[in-house]
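The values are calculated or read from the model by the stated rules, or taken from the named source; none is laboratory data. All figures in this text were calculated on a predicted structure; none of them were measured in a lab. Note: ideal-geometry Cβ built from the backbone for every residue, glycine included; neighbour counts use all protein chains shown.
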2 protein chains.
Amino acid sequence: MSATSLDVLALGNAIVDVISRAEEDFLAAHAMPKGSMTLIDEVRAEAVYAAMGPGVEISGGSAANTAVGVAALGGRSGFVGLVRDDALGTVFAHDIRAAGVAFGTAAAGEGPATARCLILVTPDGERTMNTYLGAAQNLTVAHVDAAIVESAAITYLEGYLWDPPPAKEAFLAAAGIAHKAGRQVALTLSDAFCVDRYRGEFLDLIRRGVVDLVFANETEVKSLYETADFDAALVRLRAEAKQAVVTRSEKGALFCADGACVTVPAFPVAEVVDTTGAGDLFAAGFLFGHATGRDPATSLRLGALAAAEVISHVGARPQKRLIDLATEAGLLR
Amino acid sequence: MSATSLDVLALGNAIVDVISRAEEDFLAAHAMPKGSMTLIDEVRAEAVYAAMGPGVEISGGSAANTAVGVAALGGRSGFVGLVRDDALGTVFAHDIRAAGVAFGTAAAGEGPATARCLILVTPDGERTMNTYLGAAQNLTVAHVDAAIVESAAITYLEGYLWDPPPAKEAFLAAAGIAHKAGRQVALTLSDAFCVDRYRGEFLDLIRRGVVDLVFANETEVKSLYETADFDAALVRLRAEAKQAVVTRSEKGALFCADGACVTVPAFPVAEVVDTTGAGDLFAAGFLFGHATGRDPATSLRLGALAAAEVISHVGARPQKRLIDLATEAGLLR
């Protein structure tokens, strides 16, 4: 097995977030399930945008946020995802590269516009997302460079990639290349509604060992096993997944492998401003630690620290240098 | 004189801000005078953008920010400024309308792209701006609707409008219409470098009474009268301007008219995150108070409160409902 040139290669939807504050009744009036990610078409995207308040545009995308988080911790990360060669696509490519992530996917010269996610943040900091996938849904196997996948210690895939059909193939191709090169494959279940759409396929990926490491939060684990009993769901996940990271918001997080679990508490946060990106940044911290040979407890703590930073401000990309925060917290030296 | 339908009509450059954190040495390496607004062409805009870190896109523009601030205080405001019919132009128009500002200037169907301002925020919270004027520089007299100007208690003009030559004519036309209708005309000097470019013309506008109310900060007043002595500069401004508002950052602000001045302290701020928009929002608070018949001390306090909110987060548009903050502070009922 050759040396790695990337700690983490992330594949996902390349999206620019449009974030706005909204009251609870806005969600109700527009039939948006609070806390969910709903796929919308262009017509609905325009209607929601017209109705929502002033926005802030910040590059996003679940796996892309994770790649940025790994880089902010001093790790070597890359991203594969498709934008259009339009204004928002230029913004996405600039931002991810400026954050230190290797991003080489050429922008599409035709077809739908760069994806955008209309995010409504309610006063409790919870986010409700409406995604117009646009160009991102046209990611295919042709965009996956085998040499780059082979060079990455962990290839990380977002569950949301299961929505655009050609991207699913790209996802499976990347997993196959990674395993053939002796690397690990990780998957985030993305959200409970996404699990609901693809439960059978996700369980199959876990059971067949296409995925070595699963990331999920409490509601996603419960959705996966269709139970309201978290402990019962966890027993099943521990039995079926080679390795799993489960995040539980303010109740902390755990890592399970070979029948044993390690747990850590949540990192303290002065004020939860916007939870967008919490799971993405938790994954970034854990993946960075895991890929660089740190023990599970340290990797979980890096995840908790990165998640705490990102929920303390608007937007799903870190604003502070995570490497400095982690060094101050004694997690890196 | 008929009843007003707007408290404040603002004319200015319609700009989307691209905000990024930067270290002091970035400014030095790119020869950017700290705290200034520099006009740049498209080539320079692309070079600076490529070199700067990940950005956040938020609608901006000095007078546009002021119009949004007036609306956030519950006032009736309008804005005149030119965007292109491109992605950033759509963002600008959406955001200002969603903030409750009447914005009717049709987007240009051809010509340069929507203006953008590349803003570097240093660790001390100070902002250094690089503006590509694009479509904004094509604002002309034809974009000024006389009926709307006549309906506004105060027409507010940004000094930056003196940079694009056709906009200067639009500025003077609006001032003439406002005065003919018995309304007031206000001008912000915008920044010390802008004053340096147009000192003679700005003094002429003040002396000839084209402007009834001048907004300036300490460095702008000193630049206007080419002196390092603030008190000496203030004596001259008091003698020449009908009415003037002078902001002094953490030293508070004053309003002078008819030889007398009223001063108020700055509003306390927990942490200065980004000073972008401080002057714009101070003007919003004062103009709202002034246009709705409040006394100068209350109007100044409204300005101080609005400025304090905007410097406590990234971006030059208020994130909180200013009307609620002002009510809590006892300034509105």
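Just a yes or no: is a residue in the stretch B:210-217 assigned to a helix (DSSP H, G or I), aliphatic (A, V, I, L, M) and in contact (Cβ under 8 Å) with a residue 12 or more places away in the chain? No, the stretch B:210-217 has no match at all. The residues in the stretch B:268-308 that are under 25 Å from B:T128 (Cβ atoms), away from chain A (no Cβ under 14 Å) and acidic (D, E) can be counted, and the count is 1. Of the residues making up the stretch A:274-296, one or more are modelled with pLDDT under 95 and surrounded by fewer than 23 Cβ atoms within 10 Å (Cβ to Cβ). Selection of the stretch B:65-91 for residues being facing chain A (nearest Cβ under 10 Å) and over 22 Å from B:G285 (Cα atoms) yields B:D86, B:A87, B:L88, B:G89, B:T90, B:V91. Counted as qualifying within the stretch B:32-117 are the helices (runs of 4 or more DSSP H) with 3 or more residues that are over 21 Å from A:Y49 (Cα atoms), namely B:42-51, B:62-72. Here the condition is being closer than 21 Å to A:T155 by Cβ, within 21 Å of the chain's Cα centre (by Cα) and surrounded by fewer than 17 Cβ atoms within 10 Å (Cβ to Cβ); of A:K251, A:K242, it holds for A:K242 alone.
Among the residues making up the stretch B:3-21, those that are part of a loop (DSSP other than H, G, I, E, B), surrounded by fewer than 24 Cβ atoms within 10 Å (Cβ to Cβ) and touching a residue at least 40 places away in the same chain (Cβ under 8 Å) are B:T4, B:S5. Selection of the stretch A:311-333 for residues being free of Cβ contacts under 8 Å to residues at least 12 places away in the same chain and away from chain B (no Cβ under 14 Å) yields A:T327, A:E328, A:G330, A:R333.
Of all residues in the stretch B:34-59, those satisfying the criterion of being within 18 Å of the chain's Cα centre (by Cα) and farther than 25 Å from A:S20 by Cβ are B:G35, B:S36, B:M37, B:T38, B:L39. Looking across the stretch A:130-143, the residues that are buried (at least 24 other Cβ atoms within 10 Å of the Cβ) and hydrophobic (A, V, I, L, M, F, W, C) come down to A:L133, A:A135, A:A136, A:L139. Applying the criterion of being hydrophobic (A, V, I, L, M, F, W, C) and within 12 Å of another protein chain (Cβ to nearest Cβ) to the residues of the stretch B:92-102, the residue that is surrounded by the fewest Cβ atoms within 10 Å (Cβ to Cβ) is B:A98.
Within this structure, B:E24 fails the test of being within 11 Å of another protein chain (Cβ to nearest Cβ) and surrounded by fewer than 21 Cβ atoms within 10 Å (Cβ to Cβ).
Would a scan of the stretch A:294-303 turn up a residue that is closer than 14 Å to A:A72 by Cα and in contact with a Leu (Cβ under 8 Å, 6 or more places away or on another chain)? Among the residues of the stretch A:294-303, at least one is closer than 14 Å to A:A72 by Cα and in contact with a Leu (Cβ under 8 Å, 6 or more places away or on another chain), which makes the answer yes. Are there any pairs with C-beta distances below 7 angstrom linking a residue in the stretch B:283-310 that is basic (K, R) to a residue that is at pLDDT 95 or above and not in a helix (DSSP H, G or I), with the two at least 6 apart or on different chains, and if so which? Matching pairs, first to second residue: B:R301/B:V264; B:R301/B:L331. Contact map, the stretch B:236-250: first residue closer than 14 Å to B:Q184 by Cα, second residue part of a loop (DSSP other than H, G, I, E, B), Cβ cut-off under 7 Å, separation 6 or more or different chains; pairs are B:K242/B:G209; B:K242/B:D212; B:Q243/B:D212. Number of residues in the stretch B:181-209 that are part of a helix (DSSP H, G or I), in contact (Cβ under 8 Å) with a residue 12 or more places away in the chain and over 19 Å from B:C261 (Cβ atoms) equals 13. Of all the listed residues (B:E220, B:E169), the sole one being of a type in the set (D, E, K, R), surrounded by fewer than 18 Cβ atoms within 10 Å (Cβ to Cβ) and touching a helix residue (DSSP H, G or I) at 6+ places or on another chain (Cβ under 6 Å) is B:E169.
A quick yes/no check of all residues on (1) more than 23 Å from B:G53 (Cα to Cα); (2) hydrophobic (A, V, I, L, M, F, W, C):
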{"residue": "A:R236", "(1), (2)": "yes, no"}
{"residue": "A:R248", "(1), (2)": "yes, no"}
{"residue": "A:G252", "(1), (2)": "yes, no"}
{"residue": "A:A306", "(1), (2)": "no, yes"}
{"residue": "A:P318", "(1), (2)": "no, no"}
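Scanning the stretch B:186-217 for residues that are under 17 Å from the mean Cα position of the chain (by Cα) and of a type in the set (G, A, S) yields a count of 4. Could you tell me whether B:G109 is away from chain A (no Cβ under 13 Å) and at pLDDT below 95? Against the criterion (away from chain A (no Cβ under 13 Å) and at pLDDT below 95), B:G109 does not qualify.
Of the residues in the stretch A:130-142, none is in contact with a Ser or Thr (Cβ under 6 Å, 6 or more places away or on another chain), part of a loop (DSSP other than H, G, I, E, B) and of a type in the set (A, V, I, L, M, F, W, C). When the residues of the stretch A:29-64 are narrowed to those that are among the charged types (D, E, K, R) and more than 12 Å from chain B (Cβ to nearest Cβ), which ends up surrounded by the most Cβ atoms within 10 Å (Cβ to Cβ)? Result: A:R44.
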